[in-house]
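Visitor: Okay, handing you the structure first.
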Amino acid sequence: MTTSADARRELAAFLRSRRERISPEQVGMPAGRRRRTPGLRREEVATLAAVGVTWYTWLEQARDIQISAQVADAIARALMMDRDERAHLFHLAGVPDPTPQDNCLGVSPQIQSMLRQLEPFPACVTNGRYDIVSYNRTYGRLVGDLDALPPQDRNILWLAFTHPAWQEGLADRDEMVRLMAAKFRASMAEHLTEPPWKTLLKRLQDASAEFREIWDRHEVLQPDNRSKCFLNPDVGRLTFDFRHLFLQPGTGPRLTTYIPADAETGVRLERLYDIVRAPALAAV
């Protein structure tokens, strides 16, 4: 399969970043003489993957060459890639993984109704770019007021890296933004040439030096279920377990529901729910 120039450049940078993090000792090779750059040399990766040195060099130079699933598998193993990094490699190479991970699928015919019915639990629908496509009232007030923001700014990555209230309201922000950037990179492997993805990436790079530094690490992760903590300005600390319901395969939209992780969060969430319902109740 022919890959785009953007994909080849991304693949080349990704391979270099993975190569430079591995020491010779980790793969059973002698350290040898002093190295000018960290990690493995290209010829060492080529040896481990049983490919030609010139061919692998061309791969890291983003030249227009073909890569088979078998060779991609060998390179992933040589560079000690984890599951998420491996998936990212195969997406960029444009070949099917011979040992793919199953996607989580989900279907919901009445998303707006479901979001409202889930209250007081915060819930939202996001896509692979972290655009907040839809949300219920409690999610809209987890940090500040989403309704007050222009639609183009309702993106979790954008808010976490550039919006002061969100930067203060994410209790574990440093780790959270690193994980989100890694998941965004993994998702973007399937959309490298698509304008909305490229536009968001450039906007983040232009606006945030912190994002640029994290992006250049080339870390990748797939979406998962974790705990998340918010510092709400009205009710205080809220700790949630959250679950994704995927509405389409791959990097399509997903419905995320936040469930209180402790009794105190449950009590505070009820108080927040009273706050967000107050205008509607007053109008009755």
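The values are calculated or read from the model by the stated rules, or taken from the named source; none is laboratory data. As the structure is a computational prediction, the values presented were derived from the model and not from experiment. Quick reminder, even Gly has a Cβ in these numbers, built from the backbone with ideal geometry, and neighbours come from all protein chains shown. What goes into the accessible areas is simple: the full protein's heavy atoms, side chains included, and nothing from ligands, DNA or RNA. Shrake-Rupley method; radii C 1.70, N 1.55, O 1.52, S 1.80 Å.
Visitor: For region 119-180, give the magnitude of the charge dipole about the Cα centre (Cβ charges: +1 Lys/Arg, -1 Asp/Glu; no others), in debye to the nearest 20. Write out the running numbers ahead of the final one.
Guide: Values: 6 positive and 9 negative charges, 26 e Å.
For this selection, approximately 120 debye.
Visitor: Here's a follow-up. Taking the Cβ-Cβ separation of Asp262 and Arg21 as r and a Förster radius of 35 Å, what is the calculated FRET efficiency to the nearest 0.05?
Guide: Details: r = 37 Å, r/R0 = 1.05.
The pair Asp262/Arg21 has a calculated efficiency of 0.40.
Visitor: Run the dipole for region 233-283 about the Cα centre, Lys and Arg Cβ at +1, Asp and Glu Cβ at -1, nothing else charged, and hand back the magnitude in debye, nearest 20. It would help to have the intermediate numbers written out before the result.
Guide: On the way: 6 positive and 6 negative charges, 36 e Å.
Using only the charged Cβ atoms, the result is roughly 180 debye.
Visitor: Continuing with this model, one more query. How large, in percent, is the carbon and sulfur part of the accessible surface of the chain at a probe radius of 1.4 Å? Write out the running numbers ahead of the final one.
Guide: Values: 7290 of 14100 Å².
The C+S portion of the solvent-accessible surface of the chain is 52 percent.
Visitor: At a Förster distance of 22 Å, what's the computed FRET efficiency of Ser113 paired with Arg277, Cβ-Cβ distance as r, to 0.05?
Guide: Numbers: r = 17 Å, r/R0 = 0.78.
Step by step, r from the Cβ atoms, then E = 0.80.
Visitor: Could you give the dipole magnitude of region 162-271 about its Cα centre, charging the beta-carbon of Lys and Arg +1 and that of Asp and Glu -1, in debye to the nearest 20? Walk me through the numbers before you get to the answer.
Guide: On the way: 16 positive and 17 negative charges, 55 e Å.
Once rounded to the nearest 20, the dipole reads 260 debye.
Visitor: Straight-line reach from Lys183: which aspartates and glutamates have a Cα under 12 Å away, not including same-chain ones fewer than 8 places off?
Guide: Asp84, Glu85, Glu219, Asp224
Visitor: How much mean residue ellipticity at 222 nm does the chain get from its helices, if each DSSP H run of length 4 or more adds -39500 (n - 2.57) and you divide by all residues, to the nearest 500 deg cm²/dmol? It would help to have the intermediate numbers written out before the result.
Guide: Values: 13 runs with 134 residues, N = 284.
Helix-only estimate at 222 nm: -14000 deg cm²/dmol.
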